[in-house]
Amino acid sequence: MEQNQPHEPQQTHKRRQRYRGTHPRTFQEKYKEMQPEKYAETIDKVIQKGSTPAGMHISICVQEILDILQIQPGQTGMDCTLGYGGHTLEMLKCLNGNGHMHAMDVDPIESVKTQARLERLGYGQDRLTIWHRNFAEIDQVAAEAGKFDFILADLGVSSMQIDNPDRGFSYKREGPLDLRLNPEKGISAAERLQDITRNELTGMLMENADEPYAEKIAKAVTEAQRRGQKIKTTTELRTIIENALSDLKGEEGREAVKKSCQRTFQALRIDVNSEFEVLEELLEKLPGVLNPGGRAAILTFHSGEDRLVKKSFQYYDKEGLYSEIAKDVIRPSAEECNRNPRARVAKLRWAVRA
């Protein structure tokens, strides 16, 4: 009797989602921008227009950072914020196959993509070790890996995180109000707002973002919550802010509302990720994980971060742990800011271990 043979499941061709019009508009539709190896011409066109391709990140102050770190073959380095891997890649090139690079990142979504991308470029585990940990734990990593000759921390949120509406980082796009760098840990921004008091939210907006309309926004958010409204999405929060500031008229008013939306999302992101707290830990541990003569560079993107870095460098310089620190902040060139508008608010400071 003939036995029935198991059938192989047939693979059906899955067509990509079509979009209306001549150009893709949403993040999900920009499939060419998310495949830079395949569509290099499209990537170049987007960058030439002063935009960042979807799913990518353009590294900031690359040459300035390399000039500060003075990387030599044979050294051991740490990139505290792996992100898209742009800075890491340039530092690896400086090592020229001799030495080792370490990198840290808490984002379980993007770090896996970056690791695969760098491996395809020839930077496997023999040259690069990636730690899926918060940079506040740099002392624990150094206990296993040894101290470092150079360290970089780029404190900005990567463009691929901002642009992906599923992450909820931008007020410009509809998505869940999440804002966590690691969506597998902690509470989302939506959960954070559920029981927040008016005074607490006012303080958060002022401390984390220097928001001039902090009291008006906090009042509107907490009153909406008291009425039973659940603020679960980015657009729901944006609408509340816009309504709270509806008395701001004209072009200047519209621009002010946009900036308040941006600052509110920034303040919430800093809060749910405990960004100031982990930065303070990094700054405290930094001298202890650098080799003598080791160099550190930190790239910040708002005044609160820059103040913490400046004060820490000055303190440890007076204590004799640093032999030299940046006297003045370094800013991206006008040319870089024109090419990449997200670089405009960046500030770079550095220190050398005694």
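The values are calculated or read from the model by the stated rules, or taken from the named source; none is laboratory data. In this text, all values refer to a predicted model and were calculated from it rather than measured experimentally. All Cβ positions, glycine included, derive from the backbone under ideal geometry; neighbour counts span all protein chains shown. Just so you know, the surface numbers come from the protein's heavy atoms only, side chains and all, with ligands and any DNA or RNA stripped out. Shrake-Rupley method; radii C 1.70, N 1.55, O 1.52, S 1.80 Å.
Descriptive notes on the structure:
- Checklist (1) within 28 Å of SER274 (Cβ to Cβ); (2) of a type outside the set (D, E, K, R); (3) open to solvent by less than 30 Å² (accessible area, probe 1.4 Å); (4) in contact with a Leu (Cβ under 8 Å, 6 or more places away or on another chain) applied to LEU82, failing item: (4)
- When the stretch 105-141 is filtered for residues that are under 14 Å from the mean Cα position of the chain (by Cα) and open to solvent by 30 Å² or more (accessible area, probe 1.4 Å), the ones remaining, listed by number, are VAL106, PRO108, ILE109, ASN134.
- Within the stretch 162-202, the residues that satisfy the criterion of being more than 14 Å from ILE109 (Cα to Cα), part of a loop (DSSP other than H, G, I, E, B) and open to solvent by 50 Å² or more (accessible area, probe 1.4 Å) are LYS172, ARG173, GLU174, GLY186, ILE187, ASP195, THR197.
- Every condition in (1) free of Cβ contacts under 8 Å to residues at least 60 places away in the same chain; (2) closer than 21 Å to LYS172 by Cα; (3) of a type in the set (Ser, Thr, Tyr); (4) assigned to a helix (DSSP H, G or I) holds for THR235 except the one numbered (1).
- Of the residues screened, LYS258 is one that is without any contact (Cβ under 8 Å) to a residue 40 or more places away in the chain, under 21 Å from LYS172 (Cα atoms) and either basic (Lys, Arg) or loosely packed, with under 15 Cβ neighbours inside 10 Å (or both).
- Restricting the stretch 203-232 to residues that are charged (D, E, K, R) and either open to solvent by less than 40 Å² (accessible area, probe 1.4 Å) or part of a helix (DSSP H, G or I) (or both), the residue that is nearest to ARG173 (Cα to Cα): GLU211
- If you go through the stretch 142-158 and keep only what is buried (at least 21 other Cβ atoms within 10 Å of the Cβ) and either at pLDDT below 85 or in a helix (DSSP H, G or I) (or both), you end up with VAL157, SER158.
- Filter pass, VAL112 being β-branched (Val, Ile, Thr) and in contact (Cβ under 8 Å) with a residue 12 or more places away in the chain: no
- Complete set of residues in the stretch 340-354 that are of a type in the set (Lys, Arg) and farther than 14 Å from ARG307 by Cα: ARG342, ARG344, ARG353
- Only listed residue being touching a residue at least 40 places away in the same chain (Cβ under 8 Å) and open to solvent by 20 Å² or more (accessible area, probe 1.4 Å), chosen from ALA343, ALA354, ALA296: ALA354
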